Amino acid sequence: MREIDLTLRSDETLRERLEPAARAIRDGDLIILPTTTFYALAGDATNALAVHRTFKAKRRDPAKPLLILVDSLAMMRPFVDAVPDALKELEWRLGGKGLTYVLPSTNRLPEELTAGTGTVGVRVERNEVVRELLALVDLPITGPSANIEGAPPPASADDALGPLRDWIDVAVRWYRSSAGEPSTIVDLSSNAPRILREGTVPSADVLGLLGAA
């Protein structure tokens, strides 16, 4: 396993330092990296084997879908049926605080990732490390917290590496997360939006904005 410590000074650019992590993603391997909330277990979201290994590493119930991370609505569009106006409004107003959107998925994602639900959770990441990595690989990556299912989400690389070291090809070390809560999950897969999980963004803020829209 290789570690990339971004807290240390380097003459390389962020993109150059992240190239080994991008190469691991392209090869179907798993990495650990920081996000706007907690450290995530990331792999190529379009690679069925990488998705399967993510479930195995987390000991995740196969009935529970994985969320994916993208860097923009443009990267999101090929993997969802449509990007509703409500999502655009939420992302503009509140996306920076951490929102995950559940939307009908296309067949470009492995069925195991969606757990056969026909929907996928998508978050537009604002963390600069994730955004640089996504620009390098030019495809969505899985983004569940880097922990064994049921354990607390990891706020640091060390928290994540403890139980997952044997599954990881690259660990990207960044500063400790101060999020405190996971992202808020908003189900936009039907005409009746609903909150599936309240996290970094209060439900009242989301529902109030949806009502105004």
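Observations, loosely collected:
- Derived value for the range 39-88: Kirkwood hydrodynamic radius 12.6 Å. Basis is the mean of 1/r over every pair of different alpha-carbon atoms.
- Averaging Cα coordinates gives a centre for the range 105-170 and one for the range 175-191; these two points are 13 Å apart.
- Kirkwood Rh and Cα Rg combined as Rg over Rh, evaluated for the range 18-128: 0.95
- Net +/- balance of residues flanking Thr37 in space, Cβ distance below 11 Å, scoring K and R +1, D and E -1: +1
- Sequence-distant residues sharing a close amide H with Leu67 (under 5 Å, placed H): Gly143
- Computed from backbone phi, the HN-Hα couplings of the range 16-23 come to 5, 5, 8, 4, x, 5, 5, 4 Hz, rounded to whole numbers (Karplus: 6.51 cos²θ - 1.76 cosθ + 1.60, θ = phi - 60°; Gly and Pro given as x).
- Residues with amide H under 5 Å from that of Arg197, placed H, sequence gap 5 or more: Ile185
- Whole-percent P(r), the range 2-212, all Cα pairs, 5 Å bins from 0: 1, 8, 17, 21, 21, 16, 10, 4, 2, 0, 0.
- Cα Rg, Dmax, the range 156-213, angstrom units: 16.8, 48
- DSSP beta bridges in the range 96-213 [antiparallel fraction, %, rounded to 5]: 65 percent
Only the coordinates and a few stated rules stand behind these numbers; no lab work does. The structure displayed is predicted, hence computed values, not measured ones. When we count neighbours, we look across all protein chains shown, and the Cβ atoms used for this are built from the backbone with ideal geometry, even at glycine.
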